[in-house]
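Comments concern the structure below.
The values are calculated or read from the model by the stated rules, or taken from the named source; none is laboratory data. Bear in mind that the values here come from a model prediction, so they are computed numbers and not experimental data. Here the Cβ positions follow ideal geometry from the backbone for every residue, glycine too, while neighbour counts run over all protein chains shown.
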Amino acid sequence: MALINSVLSWIIKKRIHQIELFMKYPHEVQQEWFKKLINTAKDTEWGIQYDYKSITKPEQFKERLPLSDYNSLKPYIDRLMRGEQNILWNTDVKWFAKSSGTTSDKSKFIPVSEESLEECHFKGGKDMLSIYCNNYPDTKIFDGRSLALGGSHKINEFNTDSFYGDLSAIIIENLPFWAEFQRVPNKTIALMDEWESKIEKMALATIDHDVTSISGVPSWTLLLLKKILEITGKNNINEVWKNLEVYFHGGVNFMPYHEQFKQLIPSSKMNYLETYNATEGFFGIQDNPNSDELLLMLDYGIYYEFLPVELVDTEKPKTYTLEQVSKDVNYALIISTNAGLWRYMIGDTIKFTSLNPFRIKITGRTKNYINAFGEELIVDNAINALAIACEKSNACIVEFTAAPIFLEEGKNASHEWLIEFDKEPESIEYFTEILDNALKSLNSDYEAKRYHSLMLHLPIVRSVPKNTFYNWLKSKGKLGGQHKVPCLSNDRKYVEEIMLIIGLSS
């Protein structure tokens, strides 16, 4: 074990030095990747279409190529899935990460090249460990096992040589042998696609191991931890895994879940590290344990552009490069990657909290907001306001979603919140008042629309029964993996579906 720790320590120190270099020279690193991506793809069908051979500067790239999204790239991806190659990227693409983003019925299949797997997703995972071990040099994380809560995969129906599944499942399927040896449970269980059986089998397969780290989406990880306590009869997870020291999380904002984790894992030595690992790429890692900012990772085969959110729906909008961004502006994230995604808008929004080095916070989704009355309420506002309301009313939230109530005969314009509480507030009226005031303090547009209730009336907060959101996801065949509840919506589709399940009328 001493030899393993010595080798790992050497690898970690080497990588920390490389991270410090891109923090010091961010623009040079991004320019280098821009040139490499263009040169690598110049002889692909896409590269020939846009004459990559003549592109030497980012300005030419932005002028020549339109912004893309999944729908615009789908015809090319469909051909890749049928076995054609050298279309978007110059090496064979055999893996496709299945993503729904929210709970919409339509799935997306994001190409995963060998380069993106190695230079982006695997590298991000290794950097996560490097940063953690650098921050906590006395860690014993490698003395035990790592519990990874992944998804599932299956043979692609179009071509037996290509595969698709959740990104986490693709990563598990392709892990090197040494990482597979460290991880629990085994692949047979980890890649099950029936989540209710999977949670129980994962619990039974891991309770007797010395688990020192956990990684996964918070909502599903909580479900697993509660199942483990149910099976073992223990009071908390520390009684099951006494050496557990870190939870690596991502996929959703962790703030609403933190209190629940502290209750289940009451150890003062427990650490939490956030990552920004989307289906399309690994973008950020929390490098400072005292801040929830994420370091933007600049050497993963990704070239970044940033689009002010208010310009998203304009014709031929101007994007900004890393040199041009400002702090505290809400940007849509645009990426070009070593998997053949070109000027691709992934749907996430971020803001920069630091420009030296470049650190970010995820603020929401380009389509996950409420702006029915000009209030421009984003997920970041909602999460922070709920945290304030929970703290002041001594409540704890499991999941939530919100949507507008439109101005109709007999109805006042408002926002309707469906909240599943782990711990109910003593007074839902007091909770609503605090939530409303917090939203006013965080969002001046919301505050203006709420002035004297001339436009928006007081929010309506409905406490829904336990497992409401779980049952809703189950009804849509969306249990597990990266599937998550949409926090905000500009229409009432999700809210009305959920209310129908629990027998409420809108």
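Would you mind telling me which numbered condition in (1) in a loop (DSSP other than H, G, I, E, B); (2) within 20 Å of L377 (Cβ to Cβ); (3) of a type outside the set (D, E) N437 fails?
With (1) in a loop (DSSP other than H, G, I, E, B); (2) within 20 Å of L377 (Cβ to Cβ); (3) of a type outside the set (D, E) applied to N437, the lone miss is (1).
Can you pull out every residue in region 60-73 that is in a helix (DSSP H, G or I), of a type in the set (D, E, K, R) and surrounded by 13 or more Cβ atoms within 10 Å (Cβ to Cβ)? Break it down into steps so the answer makes sense when it comes.
Going residue by residue through region 60-73, those that are in a helix (DSSP H, G or I) are 60-64, 70-73.
From the residues that got through so far, the ones that are of a type in the set (D, E, K, R) too are 62-64.
Answer for region 60-73, where residues must be in a helix (DSSP H, G or I), of a type in the set (D, E, K, R) and surrounded by 13 or more Cβ atoms within 10 Å (Cβ to Cβ): K62, R64.
I'd like to verify a number: residues in region 217-245 that are more than 23 Å from N277 (Cβ to Cβ) and within 19 Å of the chain's Cα centre (by Cα), how many?
Narrowing region 217-245 to residues more than 23 Å from N277 (Cβ to Cβ): 226-243.
When the remaining residues are screened for being within 19 Å of the chain's Cα centre (by Cα), the result is none.
Qualifying residue count, region 217-245: 0.
Of the numbered conditions (1) at pLDDT below 90; (2) surrounded by fewer than 14 Cβ atoms within 10 Å (Cβ to Cβ); (3) among the charged types (D, E, K, R), K108 fails exactly one; give the number of that condition.
Just one mismatch for K108, condition (2).
If you scan region 444-453, which residues turn out to be at pLDDT 90 or above and either outside any helix (DSSP H, G or I) or of a type in the set (F, W, Y) (or both)? Give the steps one after another, and end with the answer.
Step one: of region 444-453, the residues at pLDDT 90 or above are 446-447, 450.
Y446 - this is the single residue of region 444-453 that is at pLDDT 90 or above and either outside any helix (DSSP H, G or I) or of a type in the set (F, W, Y) (or both).
Mind counting the residues in region 325-355 that are assigned to a strand (DSSP E or B), under 25 Å from L88 (Cβ atoms), at pLDDT 95 or above and small (G, A, S)?
Of the residues in that region, 2 qualify.
How about region 114-190: which strands (runs of 3 or more DSSP E) wholly inside it have at least 3 residues that are at pLDDT 90 or above? Let's see the steps before the verdict.
On the way: elements: 145-148, 153-155, 163-165.
Filter on region 114-190 gives 145-148.
Can you pull out the residues in region 191-218 that are in a helix (DSSP H, G or I), among the small types (G, A, S) and in contact with a strand residue (DSSP E or B) (Cβ under 7 Å, 6 or more places away or on another chain)?
Narrowing region 191-218 to residues in a helix (DSSP H, G or I): 195-206, 218.
Imposing the further condition that a residue be among the small types (G, A, S) reduces the set to 197, 203, 205.
Scanning region 191-218 gives a single hit, A205.
Where the second residue is in a loop (DSSP other than H, G, I, E, B) and among the polar types (S, T, N, Q) and the first is without any contact (Cβ under 8 Å) to a residue 40 or more places away in the chain and under 21 Å from L386 (Cα atoms) and lies in region 257-274, which pairs have Cβ atoms under 7 Å and are six or more apart or on separate chains?
Note: pairs meeting the criteria are E274/Q286.
Among the residues of region 356-382, what is the count of those that are over 18 Å from the mean Cα position of the chain (by Cα) and either modelled with pLDDT of 95 or more or not in a strand (DSSP E or B) (or both)? Spell out the reasoning first.
Filtering region 356-382 for residues over 18 Å from the mean Cα position of the chain (by Cα) gives 356-358, 370-377.
Checking which are either modelled with pLDDT of 95 or more or not in a strand (DSSP E or B) (or both) leaves us with 356-358, 371-376.
Total satisfying the criteria: 9.
Given the conditions (1) loosely packed, with under 15 Cβ neighbours inside 10 Å; (2) among the aliphatic types (A, V, I, L, M); (3) touching a residue at least 24 places away in the same chain (Cβ under 8 Å), which single one is not true for L454?
Among (1) loosely packed, with under 15 Cβ neighbours inside 10 Å; (2) among the aliphatic types (A, V, I, L, M); (3) touching a residue at least 24 places away in the same chain (Cβ under 8 Å), the lone unmet condition for L454 is (3).
Kindly indicate the residue of region 389-427 that is buried (at least 17 other Cβ atoms within 10 Å of the Cβ) and outside any strand (DSSP E or B) and also modelled with the lowest pLDDT among those meeting that condition.
Going through the qualifying residues, I end up with A413.
State whether the residues of region 27-42 include one that is without any contact (Cβ under 8 Å) to a residue 12 or more places away in the chain and under 13 Å from L341 (Cα atoms).
Among the residues of region 27-42, not one is without any contact (Cβ under 8 Å) to a residue 12 or more places away in the chain and under 13 Å from L341 (Cα atoms), which makes the answer no.
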